[in-house]
Amino acid sequence: MPASSSRTDRSARLTRWLVTLPPALFLVVFFLIPALIMAAASFREPGEFGGLAPLAERGFSLDAYRFVLDDVIYAWILAKSFAVAGLTTLLCLVLAYPLAVLIVRSPKRRRDLLVLLVILPFASNFLIRIYAWMIILGPLDLLYSPVAVIVGMVYVHLPFMILPLYTNLEKHDPALLEAAQDLGAGGWARFWCVTWPLSLPGVLSGSALVFIPVLGMFAVPELLGGTGDLLIGNLIKEQFLDNRDWPLGAALSLLLTLAVLAVAGLSSALTRNRGQM
Amino acid sequence: MALLEIRNITRRFGSLEAVKDVTLDIEAGEFFTLLGPSGCGKTTILRMIAGFDAPDAGELYLDGRPLAGMPPEKRPVHTVFQSYALFPHLTVAGNIAFPLEMAGRSRDEIRRRTTETLALVHLEDKGDAFPHELSGGQKQRVALARGLVNKPRLLLLDEPLGALDAKLRERMQGELIALQREVGVTFVFVTHAQQEALALSHRIAVMNEGRIEQLDVPEALYSTPKNRFVADFIGTINLIAAAVVEASRHGLRLAAPGLGEIAAPVHGAVAVGSNGALAIRPEHLRISGHADRAGLKNHFAGAVVEYLFLGDVTVYKVRLDNGLLLEALATNAGPGRARFHEIGDRVSVEWRHDAGVFLPD
């Protein structure tokens, strides 16, 4: 290989490194190391007054995991959290899809306004918006019920479904729908045979953006859900703040992280299979 | 009865009349072309045939049945789009099978017809490829195959060769003619490229500003254009301003200012005294070195001002002594030398008395 081309190779490599290094560093310091600390904590014993028991006295233990596996309630709560996350994702998708289509089909100037409206709720505080829902749901006799939790979850996460869908749908070539119609496809066939398959990458990334945060969310079930509506997020929060059992909280967090990774892996495998878009 | 009858259709967009009272018939098995500059209304007519647009006035009939109110998906008419509009998430075979699936054909039939059609466009080995893996010419063939597979009554082609480079376009023209002959489907082709239209079509409607200027076979359009627009739009043509001095069955005598008398053939009725122009193709003009022959019938003296050597032919531009600039084409078939005249040479430009066509203003 000529010298000049290997030199450009080297400088391209250097540029790549310079660009990727800061975010990589950030992730190592603020995600990977804390995650490892947390993983280590899950194999320790709880301290008498919270925190962790001194390593020299009590050493490592599998107590936290034994505790989780012994009681079926933890598996049940994890399963319930997955169900809530799944249902929230599905409802977000059903609500967001027509909205995204509507936005894409509006004239250009109105489109920007509608996108602004979608992200406008972020301008006010998250807790205030949840308290607002308490005021709305209270008189309807729905407060502190599973319905209230789902409503809150869907409300909070809807923009995260709309935006990826909008970004995806906006890129579709309108000529494809015209071609489909020309070749004999009616309205539903055009949607299911053209729009829907082409939007799958948007559906998957929107779903991941909703599903994963909902799994870990504790504020919404805490404020809108009843006492019986404990989700995995609340459970973890309780271990750290109320029960002062850090190892148990860490173990539950780790299990949740693994579950989320499994979901993310599955979704990216699905996207890869449909890579030709 | 014609396959497609277009009766007095008009289409307005705001104050613009894109199509003005157009009437034409397209016969079964024909390769019919709508030719014209951009904005002449040809694409609007195509969209009305496909059903994506509807006329404000007038009717379209397919096989004698009115098309009004029938949505595009119900019309036995398919389109090959300029951008091809292939479905990116489907393979080549999936794209071709699409219209068959929409028509609810059986799985066996879909497989058989898809395979047949792939062979028809010479893409037997590309069935499993995705559109983004194909070259421009291959995409073009998939678009054609997809349009033909369900045997439409009409195949509409909207400038389908526009995106291809010159060499490939020439090859696709040949393939298109062969394909149309083989499948026997009626083609309605839209283009602004007059050479393409001449090469491909059985009949051509030349359009301008929403109207049909002339509808004829390519040879007739080329040799006897009806008006200046058609004469000018198709090929290259010299226009020599002249007035009719005498008209008889045998021909016209024209008077051209600064040139004198010209003998011309007669096509249709022309009134004595009317003004117009003699339109004559460059290949009808002959150039000779004998400038002194000027004065004979249809011989005029001038000087070479420019030439374009194109290999097989050379195009000379000659300025006549009255200031008129004419273009003459000489084939380079002589032995050895390919050019005979240099810039500045005094020459005589001459043509037969039955060449050209007089176009009244």
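The values are calculated or read from the model by the stated rules, or taken from the named source; none is laboratory data. No experiment lies behind these values; they were computed from the predicted model shown. Virtual Cβ from ideal backbone geometry, glycine too; neighbours counted across all protein chains shown. Accessible surface areas use protein heavy atoms only, side chains included; no ligands, DNA or RNA. Shrake-Rupley method; radii C 1.70, N 1.55, O 1.52, S 1.80 Å.
Give me the distance between the Cα centres of the range A:56-88 and the range A:229-261, rounded to whole Å. Their Cα centres are 7 Å away from one another.
How long are the semi-axes of the ellipsoid equivalent to the range B:4-229, from square roots of 5 times the Cα gyration tensor eigenvalues, in whole Å, largest first? Show your work: numbers first, answer last.
Working: eigenvalues 177, 85, 46 Å².
Calculated on Cα positions only, the semi-axes equal 30, 21, 15 Å.
Geometric descriptor of the range A:132-179, per residue, is 104 Å³ (volume of the convex hull of the Cα atoms).
Rounded, prolate or oblate: which fits chain A when a ≥ b ≥ c are the square roots of the eigenvalues of the alpha-carbon gyration tensor, with rounded for a/c under 1.5 and prolate only if a/b beats b/c? Oblate shape, in that a/c is at least 1.5 and b/c is the bigger or equal ratio. In sequence order, the range A:143-158 has phi-based couplings of 5, 6, 9, x, 4, 4, 4, 5, 4, x, 4, 4, 4, 5, 9, 3 Hz under the Karplus curve 6.51 cos²θ - 1.76 cosθ + 1.60, θ = phi - 60°, and Gly or Pro positions carry x.
Suppose accessible area is computed on protein heavy atoms with a 1.4 Å probe; arrange B:H202, B:H341, B:H132 from highest to lowest.
So, going from the largest accessible area down, we get B:H132, B:H202, B:H341.
For the range B:4-229, DSSP calls about 50 percent of its internal beta bridges antiparallel. Charged side chains reduced to their Cβ positions (Lys and Arg at +1, Asp and Glu at -1) give the protein assembly as shown a dipole of some 500 debye around its Cα centre. About its Cα centre, chain B has a charge dipole of approximately 240 debye under the convention of +1 per Lys or Arg Cβ and -1 per Asp or Glu Cβ, with nothing else charged. Using a probe of 1.4 Å, the accessible surface attributed to B:E124 totals some 120 Å² when neighbouring protein chains are kept in position. Ranking B:V80, B:G94, B:F189 by how far each Cα lies toward the positive end of the dipole of chain B (charges on Cβ) leaves B:G94 at the top. Residues A:E48, B:E219, ordered by accessible area of protein heavy atoms at a 1.4 angstrom probe radius and largest first, appear as A:E48, B:E219.
The H on the amide N of A:S145, modeled in the peptide plane, is under 5 Å from the matching H of A:G226, each at least 5 residues off or on a different chain.
With the alpha-carbon atoms of the range A:85-160 aligned to their principal axes, the span from lowest to highest coordinate is 41, 26, 19 Å, starting with the largest. In this structure the amide hydrogen of B:R211, modeled in the peptide plane, comes within under 5 Å of the amide hydrogens of B:K20, none closer than 5 places in sequence on its chain.
Over all pairs of distinct alpha carbons, what does the Kirkwood formula give as the hydrodynamic radius of the range A:189-248, in Å? Evaluated on the range A:189-248, it is 14.1 Å. The tail of the calculated P(r) for the range B:260-361, taken as Cα-Cα distances beyond 16 Å, holds 59 percent of the pairs.
Considering only DSSP beta bridges with both partners in the protein assembly as shown, what is the antiparallel share in %, to the nearest 5? Walk me through the numbers before you get to the answer.
Working: 61 of 81 bridges.
Taking every DSSP beta bridge within the protein assembly as shown, about 75 percent pair in antiparallel fashion.
Note on the protein assembly as shown: Lys pairs 8 or more places apart or on different chains, Cα atoms under 15 Å apart, count 4.
Can you classify the protein assembly as shown as rounded, prolate or oblate using the Cα gyration tensor, where a ≥ b ≥ c are the square roots of its eigenvalues, rounded means a/c under 1.5, and otherwise it's prolate if a/b beats b/c and oblate if not? Show your work: numbers first, answer last.
Numbers: a/c = 3.31, a/b = 2.54, b/c = 1.30.
It is prolate, given that a/c is not under 1.5 and a/b is the larger ratio.
Let me spell out the model: positive unit charges on the Cβ of Lys and Arg, negative unit charges on the Cβ of Asp and Glu, origin at the Cα centre of the range B:225-323. What dipole size does that give, in debye rounded to 20? If you can, show how the numbers build up before the last one.
Working: 10 positive and 8 negative charges, 46 e Å.
In debye, rounded to 20, the range B:225-323 gives about 220.
Entry note, the range A:71-276: relative contact order of 28 percent, from Cα contacts under 8 Å with a spacing of 6+ residues. The order of B:V230, B:V270 by accessible area, most exposed first and with a 1.4 Å probe, is B:V270, B:V230.
In terms of its Cα atoms, the range B:142-297 spans 63, 36, 26 Å along the principal axes, sorted from long to short. Roughly speaking, what % of Cα-Cα pairs in the range B:292-351 are separated by over 17 Å, rounded to a whole number? The answer is 38 percent, as a whole percent.
Would you kindly work out the equivalent ellipsoid of the range B:64-143 from its C-alpha gyration tensor and give its semi-axes, the square roots of five times the eigenvalues, largest first in whole Å? It would help to have the intermediate numbers written out before the result.
Working: eigenvalues 116, 52, 24 Å².
In descending order, the three semi-axes are 24, 16, 11 Å.
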